[in-house]
Amino acid sequence: MTSPAASHSPAATSASTAALASKFLGAGLAGLALTAIGFFVSHNSAGVALSYVVGIAYWSAVAIGMLMLILIHHIMDSGWSVVIRRQFEHGLAAFPWLFALFIPLLISVRLQPGLVWPWMDLSHEIHGGHTVGTDVLYLKKQSFLNPGMFTGMTVGFFLVWMWLSARLRKASFTQDTDGDTKWTFMSRRTAAFGIPLNALALSFAAIYWMKSLEYHWFSTMYGVWFFSNCIRAALAFGVVITCWLYARGDYKGIFNVNQFHCLTALAFAFVVFWAYITFSQYFLIWNANVPEETFWYNIRETGDWFYVGMLILFGHFFFPFLFWLSYRRKSTRGPALFISIWIALIILVDICYNVLPALKDHHGEPLPFLSMNLVWVLTSVVGIGGICVWAYLRSFATTKLIPIRDPRIVESLTYHEATAP
C-alpha cells in the first residue's frame, strides 16, 4: 500500500498550491506598492518607514523562530516533531526575500540618515536642545551605533540566517532522495554551532532594528524578549499550517492528536516564558529607578499607549495562559487555531508597542497610538507577509510533504504520549 506521504509528489503539490501562491504574491506586491506610494505621498514619511520596520521585524521574527525550532529539533534529536519540521524548513525560504525587502531601509540609511533611526543624523535635535552629535550617551555608543556598523551587521545577520537555512534545507531535502544518514549528522553539527550563531544574530538584530530607535534606553533582556516572540510566532504559524494541511487532507493519517498536543503544549510553555522575560525586564527597570531606563516605560504608560500595554499584558499572557490550560483546547484544532491566530496578532501589537512610540512630536512625546495612520502598518505587514507566504508555498511544492527517509520518521508517524520521554 502506498503511504500517505508518498502520494505528495512535487508535481502534485505544485499543482495544488500554485493558485494560492499566486494570490499571496499578488497581495504581497499590492501591499508593498501601497506602502511605497504612502511613503512618497504621506506628510509623515517617517511614520510610513517605521511601519515598514514593524513589518520587517514581524516576519523576520516568524522565520527566525522557525529556524531556531529546527535547530533545537536536531540538537535534541527529537522524534515527534519530524513530521512538522518540513513545514518550518519551507518557512526558511523567506530569508532571501526578507533581505531583499530590507534593502530599501539600508538605502534610506545613506540617502536620508535619521529618517528611521535618529542617531544616524548627528544634527538631529533631542531633548534639552542638544543634538545627537553632542550627546554624551551617543558618543559613548558611537563605535557601535553608526551607519556603517548598522549596514554591515544587518547584512551579516541575513547571511547567517540564509547560510544556516541553506545547510538545513539541503540536508533534509537531499535525504529524501538518497536516505543517507550523513545528512542527519550534518544537521546536528549545524545545530551545534547554529544555535549560538542564531541567538547572537537575533539579539543584535533586535537591538539594532528596534531598541536603538531610542538609544538612550538600556536593557539586558531585550534580545531574549525578541527570542521569545520569535518562537511564539513560529509556533503560532506552525499550528495554522498544520490545521491548513489537515483540513485539505494532506496530514490525515500523518499528524495525529498527540503530535498536535506536543506542538500546542510547547506554545503554552512559551506563553509562560514570554511573561517571565517581560516581567523581569519591567521589574528590574522599575526597581532600579534609573531615568535612562525608566523613561522607556514612562512614555508608554501615558495616553492611549497605556491601553496598548494593557492589551499586551492581558492578551499576550493571561488570555492565552488560561486558554491553553485545558487539554481539550490544546488537542483540538478549532480552539488551538483560534488562539494561535490571536497570539500571532498580539505579537504584531507587541512589536508596534516597541517601535512606533519612537515617533515623537515637537515636544519629544510619542504620538498617540490612535492618531497614527495605522494603514501603513497593515500594508507593510500584508506586503511583506504576502511575499513570505509565497516563498513558503513555492518551496512547499518542490519536496515531499514530510522527510520520508529521516531515521526517526517511523517513530514520528507512530508517536503517542506513552512513548514521550
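Details
- Among 328-339, 28-39, 204-215, the order from most to least packed when residues are scored by Cβ within 10 Å on average: 204-215, 28-39, 328-339
- For Thr131, the amide hydrogen comes within under 5 Å of the amide hydrogens of Ile126, counting only partners 5 or more places away or on other chains and with H modelled in the peptide plane.
- Dipole magnitude for the chain: about 1280 debye, using +1 per Lys or Arg Cβ and -1 per Asp or Glu Cβ, origin at the Cα centre.
- Distance from the alpha carbon centroid of region 136-164 to that of region 338-380 works out to 24 angstrom.
- Sorted peptide list for 45-53, 224-232, 344-352, criterion being average Cβ within 10 angstrom, highest first: 224-232, 45-53, 344-352
- Cβ-based exposure ranking for Ile341, Ile404, in which fewest neighbours within 10 Å come first: Ile341, Ile404
- Projecting the Cα atoms of Ala57, Thr414, Ile312 onto the charge dipole of the chain, computed from C-beta unit charges around the Cα centre, puts Thr414 farthest toward the positive end.
- In region 248-352, a dipole from Cβ-located charges (positive for Lys and Arg, negative for Asp and Glu) runs towards its positive end, and of Ile285, Ala265, Phe295 it is Ala265 whose Cα lies farthest in that direction.
- Structure-based [θ]222 nm, the chain - -39500 (n - 2.57) summed over DSSP H runs of at least 4, per residue, nearest 500: -23500 deg cm²/dmol
- Protection proxy ranking of 249-257, 390-398, by the mean of other Cβ atoms within 10 Å over each peptide's residues and highest first, is 390-398, 249-257.
- The phi-based Karplus calculation (6.51 cos²θ - 1.76 cosθ + 1.60; θ = phi - 60°) puts the 3J(HN,Hα) values of region 315-331 at x, 8, 10, 4, 5, x, 4, 5, 5, 6, 4, 6, 4, 4, 6, 7, 10 Hz, whole numbers, x for Gly and Pro.
- Where (1) -0.38, -0.87; (2) -0.25, -0.84; (3) -0.28, -0.96 are the candidate values, the label of the one calculated here for log10 I(q)/I(0) by the Debye sum over Cα atoms at q = 0.06, 0.11 Å⁻¹ is (2).
- Principal axis extents of the Cα atoms in region 212-314, from largest to smallest and rounded to whole angstrom, are 58, 25, 23.
- Degrees between helix 375-396 axis and first principal axis of the chain (Cα, 0 to 90, nearest 10): 30 degrees
- Between the Cα long axis of helix 222-247 and the first principal axis of the chain there is an angle of about 40°, rounded to the nearest 10.
- Signed unit charges on C-beta, dipole axis of region 181-289, positive-most listed residue Leu213, Tyr251, Ala233: Tyr251
Bear in mind these aren't lab numbers, they're just calculated from the coordinates by the rules spelled out. Just so it is clear, the model here is predicted, and its values are computed rather than measured. For neighbour counting, all protein chains shown are included, and Cβ atoms are generated from backbone atoms with ideal geometry for every residue, glycine included.
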